[in-house]
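The values are calculated or read from the model by the stated rules, or taken from the named source; none is laboratory data. Everything numeric in this text was worked out from a predicted model, so none of it was measured. Don't worry about glycine lacking a Cβ; one is built from the backbone with ideal geometry, like all the others, and counts go over all protein chains shown.
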Amino acid sequence: MASEFGDKVKFSIFGQSHVRLRLKESDRIKSACEMINALGAQAEERPDALIVRGSNFNKLTGGFVNGYNDHRIVMAAAIAAVNCNNEVVISDCEAVSKSYINFFEDYKRLGGIVSGV
């Protein structure tokens with residue numbers, strides 16, 4: 001796979017799993033791609049894959065993430081925020097109540113910074 005995309009590919013999703021990912025609370029390939037790009041990394045959505053590129057994931061920039069009312073996208077963005085240089089604003093944070101009602105309380109307890117939730 002690295003030969004197809006170059007040496008800097010870090011992660012990709014191929015195969016049948018992409019079909020299920022497009023049929024969840026959000027189109028998770030699309031929303032994950034948007035989240036990754038919004039936070040300063042490089043991702044590319046393809047019909048059958050998500051390609052994440054880059055060689056320096058030490059720090060992301062931060063930014064606005066559309067949570068798409070999808071608990072997994074919201075939680076992923078919150079975890080990624082720990083590694084961002086700037087503030088991360090996430091919409092639809094209440095979506096975490098679908099699977100992990102105390103997510104943000106635990107996140108704060110572990111040192112995450114939360115406001116407005």
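Considering only residues in region 83-103 that are under 12 Å from ALA38 (Cα atoms) and among the β-branched types (Val, Ile, Thr), the one that is surrounded by the fewest Cβ atoms within 10 Å (Cβ to Cβ) turns out to be VAL89. If you go through region 88-110 and pick out every residue that is touching a helix residue (DSSP H, G or I) at 6+ places or on another chain (Cβ under 8 Å) and more than 15 Å from ALA41 (Cβ to Cβ), you end up with 12. What residue, among those in region 89-106 that are touching a Phe, Trp or Tyr at 6+ places or on another chain (Cβ under 9 Å) and assigned to a loop (DSSP other than H, G, I, E, B), is farthest from GLY62 (Cα to Cα)? Applying the filter and picking the extreme gives ASP92. Of the listed requirements (1) free of Cβ contacts under 8 Å to residues at least 40 places away in the same chain; (2) under 12 Å from the mean Cα position of the chain (by Cα), HIS71 misses just one: (1). Scanning region 84-117 for residues that are at pLDDT 95 or above and of a type in the set (A, V, I, L, M) returns VAL88, VAL89, ILE90, ALA95, VAL96, ILE101.
Taken together, the residues in region 104-114 that are loosely packed, with under 10 Cβ neighbours inside 10 Å and either closer than 18 Å to ARG72 by Cβ or in contact with a Leu (Cβ under 8 Å, 6 or more places away or on another chain) (or both) amount to 0.
Number of residues in region 1-51 that are at pLDDT below 60, among the small types (Gly, Ala, Ser) and in a loop (DSSP other than H, G, I, E, B): the value is 2.
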